[in-house]
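K.L.:
Pasting a structure below so you can have a look.
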Amino acid sequence: MSLHFVEFELNGCQIDGMVEARRTLLDFLRCDVGCTGPHAGCEHGVCGACTVLVEGQAVRSCLMLAVQANGKTVETVEGLSGGPKELHPIQQLFREEFALQCGFCTPGFLMTLVALDRSEPRPNAAEMREALSGHLCRCTGYQGVLRVIDRLTEDRK
Amino acid sequence: MKPFALDHAASPDAALAALGKGATAIAGGTNLIDLMKLQIATPERLVSIRRTGLDRIAPDGDGLRIGALVTNADCAADPRVRQDWPLLSQAILAGASPQLRNRATTGGNLCQRTRCGYFYDTTQACNKREAGSGCAARDGFNRIHAVLGTSDACIATYPGDMAVALLALDAVVLTQGPYGPRQIPLAMFHREPGDDPTRDNVLQPGELITAVRLPAPTGGRQIYRKVRDRASYAFALVSVAVDLTMEEGRIARCALAFGSLGTVPWRDPAVEEVLIGQEPSPALFARAAEVLLHHARGFGANDFKIPLAARALAATLAQATKV
């Protein structure tokens with residue numbers, strides 16, 4: 001068995017651990033760190049529920065090895081708001097627009113939208129919709145998410 | 001996933017040394033990790049090549065050299081690519097999802113494996129996964145399968161988009177290996193299955209893709225048209241890449257490549273010869289489709305791809321030749 005030391009910045013905190021090479025970043029976050037915001041959906045890179053930000057870019061944590069995150073910056077849904085009673089502005093929009101039903105896919109949607117909203121130049125509504133094609137919602141609650149995009153891009157119309 | 005050993009290569013030479021000892025290269029891992037989870041790929045030793053410095057896009061004479069580790073997202077967004085080789089940018093953005101494109105690399109994309117359902121199902125016969133086990137797709141669910149370049153052993157498509165654009169753009173794959181550097185034209189990179197479908201491409205053991213070179217821009221009109229079951233985030237049923245120049249109402253120059261139609265990214269010079277020097281017309285486009293699909297053969301559920309390819313070709317050519 002090949003064990004590797006990994007350390008990276010997770011939501012602003014430095015974390016480390018010993019992992020097997022075959023440990024995915026998703027399993028490391030959920031099972032070893034206890035950071036269960038990224039969800040294990042299809043585990044084949046299709047559904048988007050496991051999406052996290054690595055170096056600010058939205059990626060599938062189920063198709064990435066934990067060792068590949070060594071030395072990087074990782075963000076999950078847990079790091080979006082300032083505290084347990086607060087919501088990130090995009091989370092607030094999800095709440096106001098009822099942009100979720102069961103919520104299983106929501107952390108993935110949020111991480112992709114947060115990355116897009118930070119990027120320069122800021123994408124327009126069509127580009128945001130395209131980026132969300134990588135997220136599947138079994139409740140088919142897409143209309144609320146599209147209303148969130150409309151509100152996020154209101155100033156860019 | 002089966003356990004495996006992992007090393008990080010800090011240079012192309014270090015990567016080559018590891019490959020020479022039987023390691024498998026991992027870059028973005030978006031295809032390989034999935035194959036390893038399903039135990040279709042079971043490497044005992046991986047070498048990560050992400051820190052080999054092969055992640056730059058640089059001018060190369062009048063052309064462009066795209067490092068093997070450049071991500072699909074970075075390649076598609078590169079201002080030079082968007083300006084002079086828009087076909088490549090369009091094709092990349094038509095494939096996968098943004099989250100995958102942020103990880104997937106240029107070299108890895110070229111080496112991605114088929115999405116044939118029987119290849120992925122280890123309880124089924126598949127000559128590509130296990131030589132000599134048979135092909136469950138021929139008489140099975142073969143709606144997504146190839147109609148050109150098939151063999152008795154295999155009818156799986158090469159599924160990607162990027163390579164189709166690179167083929168139309170006359171790109172060259174640059175490699176390093178135990179026998180020195182090689183320059184492999186894209187048209188010679190992927191292998192038709194023949195009687196050995198296990199090898200998708202001509203890379204030798206121990207050989208590493210270092211870059212893809214684009215020749216000087218043609219200045220032609222470039223269009224990537226992808227027909228699929230839904231508007232985004234799906235593999236192609238048929239795709240058409242065209243780079244075409246009109247002069248005085250006639251097609252002066254034309255490069256055409258097709259995706260998900262053949263077992264490899266498909267280009268047929270005879271199709272281009274039909275078109276060059278001619279005035280565009282529906283009859284001409286139909287003649288080109290006849291030449292392209294003359295040897296096409298469906299296997300039942302994928303018969304529709306033959307007329308679909310003819311229509312996709314006609315629509316793409318109509319758009320590319322419109323004044």
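K.L.:
Taking the stretch B:159-179, which residues are under 22 Å from B:ALA25 (Cα atoms), surrounded by fewer than 24 Cβ atoms within 10 Å (Cβ to Cβ) and not hydrophobic (A, V, I, L, M, F, W, C)?
P.N.:
B:PRO159, B:THR175, B:GLN176, B:GLY177, B:PRO178, B:TYR179
K.L.:
For the stretch B:149-159, check the following and say yes or no: at least one residue is within 22 Å of B:VAL242 (Cβ to Cβ), in contact (Cβ under 8 Å) with a residue 40 or more places away in the chain and more than 14 Å from the chain's Cα centre (by Cα).
P.N.:
Checking the stretch B:149-159: at least one residue is within 22 Å of B:VAL242 (Cβ to Cβ), in contact (Cβ under 8 Å) with a residue 40 or more places away in the chain and more than 14 Å from the chain's Cα centre (by Cα).
K.L.:
Might you check whether a residue that is in a loop (DSSP other than H, G, I, E, B) and more than 30 Å from B:ARG50 (Cα to Cα) occurs anywhere in the stretch A:105-118?
P.N.:
no
K.L.:
If the Cβ limit is 8 Å and pairs must be 6+ apart or interchain, which residue in the stretch B:77-97 that is in the same structural domain as B:ALA241 (by TED's automatic domain parsing) and without any contact (Cβ under 8 Å) to a residue 60 or more places away in the chain pairs with which residue that is acidic (Asp, Glu) and not in a loop (DSSP other than H, G, I, E, B)?
P.N.:
Listed by first residue and then by second, the contacts come to nothing, as the list is empty.
K.L.:
Given the criteria among the hydrophobic types (A, V, I, L, M, F, W, C) and under 19 Å from A:GLN57 (Cβ atoms), does A:LEU113 qualify?
P.N.:
yes
K.L.:
Another question about this same structure. Would you tally the residues in the stretch A:46-79 being within 13 Å of the chain's Cα centre (by Cα) and either assigned to a loop (DSSP other than H, G, I, E, B) or at positive phi (or both)?
P.N.:
Qualifying residue count, the stretch A:46-79: 7.
K.L.:
Only one of (1) within 10 Å of chain A (Cβ to nearest Cβ); (2) of a type outside the set (Lys, Arg); (3) not in a loop (DSSP other than H, G, I, E, B) is not met by B:LEU16, so which one is it?
P.N.:
B:LEU16 satisfies every listed condition except (1).
K.L.:
Among the residues of the stretch A:6-28, is any touching a Lys or Arg at 6+ places or on another chain (Cβ under 7 Å), in a loop (DSSP other than H, G, I, E, B) and either without any contact (Cβ under 8 Å) to a residue 24 or more places away in the chain or not basic (Lys, Arg) (or both)?
P.N.:
no
K.L.:
I'd like the full set of residues that are touching a helix residue (DSSP H, G or I) at 6+ places or on another chain (Cβ under 9 Å), surrounded by fewer than 21 Cβ atoms within 10 Å (Cβ to Cβ) and charged (D, E, K, R), limited to the stretch A:33-74.
P.N.:
A:GLU43
K.L.:
Look through B:LEU54, B:LEU64 and report the one residue that is touching a Pro at 6+ places or on another chain (Cβ under 7 Å), surrounded by 19 or more Cβ atoms within 10 Å (Cβ to Cβ) and more than 10 Å from chain A (Cβ to nearest Cβ).
P.N.:
The unique qualifying residue is B:LEU54.
K.L.:
Right, here's the next one. Checking B:GLY22 against (1) touching a Lys or Arg at 6+ places or on another chain (Cβ under 7 Å); (2) within 30 Å of B:ALA125 (Cα to Cα); (3) within 13 Å of chain A (Cβ to nearest Cβ), only one condition comes out false. Which one?
P.N.:
All conditions are met except number (3).
K.L.:
Also, quick follow-up: Out of all the residues in the stretch A:11-24, which are under 17 Å from A:ALA58 (Cα atoms) and at the interface with chain B (Cβ under 10 Å from one of its Cβ atoms)?
P.N.:
A:THR24
K.L.:
Tell me yes or no: at least one residue of the stretch B:314-321 is over 30 Å from B:PRO98 (Cβ atoms), of a type outside the set (A, V, I, L, M) and surrounded by 14 or more Cβ atoms within 10 Å (Cβ to Cβ).
P.N.:
Yes: one or more hits.
K.L.:
Could we say that B:SER232 is over 30 Å from B:LEU16 (Cα atoms) and either modelled with pLDDT of 95 or more or buried (at least 24 other Cβ atoms within 10 Å of the Cβ) (or both) here?
P.N.:
Spelling it out, it is not the case that B:SER232 is over 30 Å from B:LEU16 (Cα atoms) and either modelled with pLDDT of 95 or more or buried (at least 24 other Cβ atoms within 10 Å of the Cβ) (or both).
K.L.:
Could you list all residues from the stretch B:110-134 that are in contact with a Cys (Cβ under 9 Å, 6 or more places away or on another chain) and free of Cβ contacts under 8 Å to residues at least 60 places away in the same chain?
P.N.:
B:CYS116, B:TYR118, B:ALA125, B:CYS126, B:SER133, B:GLY134
K.L.:
A follow-up question, please. Restricting to the stretch A:29-82, name every residue that is away from every other protein chain (no Cβ under 13 Å), in contact (Cβ under 8 Å) with a residue 12 or more places away in the chain, farther than 28 Å from B:GLN39 by Cβ and not hydrophobic (A, V, I, L, M, F, W, C).
P.N.:
A:GLY37, A:THR73, A:GLU75, A:THR76, A:GLU78, A:GLY79
K.L.:
Considering only the stretch B:39-77, state which residues are small (Gly, Ala, Ser) and assigned to a loop (DSSP other than H, G, I, E, B).
P.N.:
B:ALA41, B:GLY53, B:GLY61, B:ALA68 - these are the residues of the stretch B:39-77 that are small (Gly, Ala, Ser) and assigned to a loop (DSSP other than H, G, I, E, B).
K.L.:
What tally of residues in the stretch B:19-36 results from selecting those that are in a helix (DSSP H, G or I) and within 20 Å of A:HIS44 (Cβ to Cβ)?
P.N.:
Residues meeting the conditions: 5.
K.L.:
Continuing with this model, one more query. State whether one or more residues within the stretch A:130-142 are under 22 Å from A:GLU55 (Cα atoms), free of Cβ contacts under 8 Å to residues at least 12 places away in the same chain, polar (S, T, N, Q) and within 13 Å of another protein chain (Cβ to nearest Cβ).
P.N.:
Within the stretch A:130-142 (the criterion being under 22 Å from A:GLU55 (Cα atoms), free of Cβ contacts under 8 Å to residues at least 12 places away in the same chain, polar (S, T, N, Q) and within 13 Å of another protein chain (Cβ to nearest Cβ)), the answer is yes, since at least one residue qualifies.
The values are calculated or read from the model by the stated rules, or taken from the named source; none is laboratory data. These numbers were taken from a predicted model, which means no experiment stands behind them. So basically every Cβ, Gly included, is an ideal-geometry build from the backbone, and we count neighbours across all protein chains shown.
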